[in-house]
1. I want to confirm something. Restricting to the range 107-132 and keeping residues that are assigned to a strand (DSSP E or B) and surrounded by fewer than 24 Cβ atoms within 10 Å (Cβ to Cβ), which single residue is nearest to ligand 2 (Cβ to nearest atom)?
2. For the range 222-327, please list each of the helices (runs of 4 or more DSSP H) lying entirely inside it that holds at least 3 residues being within 16 Å of ligand 2 (Cβ to nearest atom).
3. Could you tell me whether the range 177-189 includes any residue that is touching a helix residue (DSSP H, G or I) at 6+ places or on another chain (Cβ under 7 Å) and farther than 23 Å from residue 302 by Cα?
4. Residue check: is residue 317 surrounded by 22 or more Cβ atoms within 10 Å (Cβ to Cβ) and either farther than 23 Å from residue 248 by Cα or free of Cβ contacts under 8 Å to residues at least 12 places away in the same chain (or both)?
5. Can you confirm whether residue 85 is surrounded by fewer than 22 Cβ atoms within 10 Å (Cβ to Cβ), within 19 Å of the chain's Cα centre (by Cα) and under 21 Å from residue 330 (Cβ atoms)?
6. Go through the range 5-38 and report how many residues are part of a loop (DSSP other than H, G, I, E, B) and either in contact (Cβ under 8 Å) with a residue 60 or more places away in the chain or surrounded by fewer than 17 Cβ atoms within 10 Å (Cβ to Cβ) (or both).
7. Can you name the condition, by its number, that residue 41 falls short on among (1) outside any loop (DSSP other than H, G, I, E, B); (2) within 21 Å of the chain's Cα centre (by Cα); (3) surrounded by fewer than 19 Cβ atoms within 10 Å (Cβ to Cβ)?
8. In the range 164-187, which residue that is within 15 Å of ligand 2 (Cβ to nearest atom) and under 18 Å from residue 255 (Cα atoms) is nearest to the chain's Cα centre (by Cα)?
Ligand code: KG4
Ligand code: ZN
């Protein structure tokens, strides 16, 4: 079953053809990073316009890569939320237009379910993972722990009470004057720094819940930078990055360890943009070895936003015979429960 998937929830215009929810036959992602970089973050209006400009070319090129036409497809999948409303609307409108023109059914996909489904894609050097598993999603908008059952249904165990992990990376990068998006920059510089130079708070680490808090870390970085500047010293950027990253990683890893112990899951999936982080991957692997459990990450390129992950999640819905109609909406805020139940909120 070949599915054309479209993802436009933020600043990547992406289209992919995914076979049986597992094999990526073609994928094209037009990144808008260079434009948004000038503004230090994603400008929603600019993102929407760029999606409009790119979408048909991206879809055509993905189909070309796969060597397929619309007659070879079984469905058209699209991210319906959560995300930037104007950006989502471009993808949903395009999916509807293709559906209307071809008669193919549509499948609306929750963006977070997509991030998790990235782990189900077969990749050259790693086997696809199948649920049930425990999952940590750490992205620019989310930091949540879920149990995912054999039918790909999500139960939330905990999540951030303020900023998402990726958001904290981006904010700290901004304080340091690094380019947007900050996560990859901080990741790179952290490798050359001393993680013990600054002791940043480990938000909610000692709290028995499986919740996270990252805003205190960001504030602590701000306070430390102010102090260094007041003293007229140079900012040791690498050490700040390494120390901040150590704090983020410790809470992500320890809460995931706690969740694994509490639920008894033997398989952990780490997904979302922050799962591309080298330090996090190494620390999660070490934790998994200590606990005698397995940990899986999509390859870094499939951790950040892409359409293949949307195709993988859509396949599981298609297998259940669950399709959407041309009534499908786009939702800036869409919970996994709303998506799973099919009871979408009023637009
Ligand atoms: O999943 P994603 O592409 O988009 C959202 O759904 O939010 O995640 C983007 C986030 C950004 O905050 C970015 O800074 C962060 O993921 N990120 C990283 C790394 N690569 C991307 N954070 C830490 N280390 C990285 N290597
Ligand atoms: Zn994302």
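1. Restricting attention to the range 107-132, the residues satisfying the condition of being assigned to a strand (DSSP E or B) are 107-110, 123, 126.
Okay, now just the ones that are also surrounded by fewer than 24 Cβ atoms within 10 Å (Cβ to Cβ), so 123, 126.
Values: 123: 18, 126: 20 Å.
By that ranking, first place goes to 123.
2. Values: elements: 237-263, 278-291, 300-303, 308-319.
Qualifying helices (runs of 4 or more DSSP H): 300-303, 308-319.
3. Taking every residue of the range 177-189 in turn, at least one turns out to be touching a helix residue (DSSP H, G or I) at 6+ places or on another chain (Cβ under 7 Å) and farther than 23 Å from residue 302 by Cα.
4. On the way: surrounded by 22 or more Cβ atoms within 10 Å (Cβ to Cβ): yes; either farther than 23 Å from residue 248 by Cα or free of Cβ contacts under 8 Å to residues at least 12 places away in the same chain (or both): yes.
Yes.
5. Spelling it out, residue 85 is indeed surrounded by fewer than 22 Cβ atoms within 10 Å (Cβ to Cβ), within 19 Å of the chain's Cα centre (by Cα) and under 21 Å from residue 330 (Cβ atoms).
6. Applying the first criterion (part of a loop (DSSP other than H, G, I, E, B)) to the range 5-38 yields 8-11, 20-22, 32, 38.
Adding the requirement that they be either in contact (Cβ under 8 Å) with a residue 60 or more places away in the chain or surrounded by fewer than 17 Cβ atoms within 10 Å (Cβ to Cβ) (or both) leaves 8-11, 20-22, 38.
Matching residues across the range 5-38 total 8.
7. (1)
8. Within the range 164-187, the subset within 15 Å of ligand 2 (Cβ to nearest atom) is 164-167, 169-170, 181, 183-184.
In the following step, the residues that additionally are under 18 Å from residue 255 (Cα atoms) were identified as 164-166.
Working: 164: 11, 165: 11, 166: 9 Å.
So, considering only residues that are within 15 Å of ligand 2 (Cβ to nearest atom) and under 18 Å from residue 255 (Cα atoms), the one nearest to the chain's Cα centre (by Cα) is 166.
The values are calculated or read from the model by the stated rules, or taken from the named source; none is laboratory data. All values reported here derive from a predicted model rather than from experimental measurement. Please note: Cβ atoms are built from the backbone with ideal geometry, for glycine as well, and neighbour counts cover all protein chains shown.
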